[in-house]
Amino acid sequence: MQHTATPYEERLTAPRSWWLISFLVGVALALVLLPFGTLPTLGGLVGGTAAAAVAASAYGSLRIRVVGDSLIAGEAKIPLSALGESEVLDAEEARAWRTYKADVRAFLLLRAYIPTALRVTVTDPADPTPYLYLSTREPERLAEALKAAREAAA
């Protein structure tokens, strides 16, 4: 059963400070090229800023979506029937699940600049992945969307 509306969609965009850092990378490259003249300096400023901005944009382009009967997290598409309970993780608990509580078999959609997360158990016996760790700015809303989509699919 496919729904026309997306009950949940989030883009894990890079923080605003990364765009300032992108500009500073361009300035640094311009300073390196300063001895070669004005044109290479301007090229370094524009090129370095653009390259750093593309890298920041690409890193922040991952999406988490609940569409129909699937959870799409980055490149992974997981059927909701293979997922169990969700646990909302505050900043401290999310850090624990990223570090000493982590299981090496887990699927991590990790963005360190997002302090909160959602941990979803995987109930499919054929899948060795014990849980999904999803960095999200709105873990409560994602948990509700997963619950609502599971209920709608049932």
So the carbon and sulfur contribution to the accessible area of segment 35-154, 1.4 Å probe, in percent, is 59
For S57, the accessible surface traced by a 1.4 Å probe with all protein chains present amounts, in square angstrom to the nearest 10, to 50
Kirkwood-based Rg/Rh on the Cα set of segment 1-75 evaluates to 1.30
The chain, Kirkwood Rh and Cα Rg, ratio Rg/Rh at 1.15
Here segment 52-67 yields Karplus 3J(HN,Hα) values (6.51, -1.76, 1.60; θ = phi - 60°; whole Hz; Gly and Pro given as x) of 5, 5, 5, 5, 5, 5, 5, 5, x, 9, 5, 10, 10, 9, 10, 10
Relative contact order in percent for the chain (Cα pairs under 8 Å, 6+ apart) equals 23
Note on segment 95-154: contact order normalised by length, alpha-carbon pairs under 8 Å, 6 or more apart, percent, works out to 33
Relative contact order as a percentage, segment 11-95, C-alpha pairs under 8 Å and 6+ apart, gives 27
The distance between the Cα centres of segment 34-69 and segment 78-145, in whole Å, is 29
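The values are calculated or read from the model by the stated rules, or taken from the named source; none is laboratory data. Note that this is a predicted model, so its numbers are computed, not measured. We work out accessible area using only protein heavy atoms, side chains counted, and drop any ligands, DNA or RNA first. Shrake-Rupley method; radii C 1.70, N 1.55, O 1.52, S 1.80 Å.
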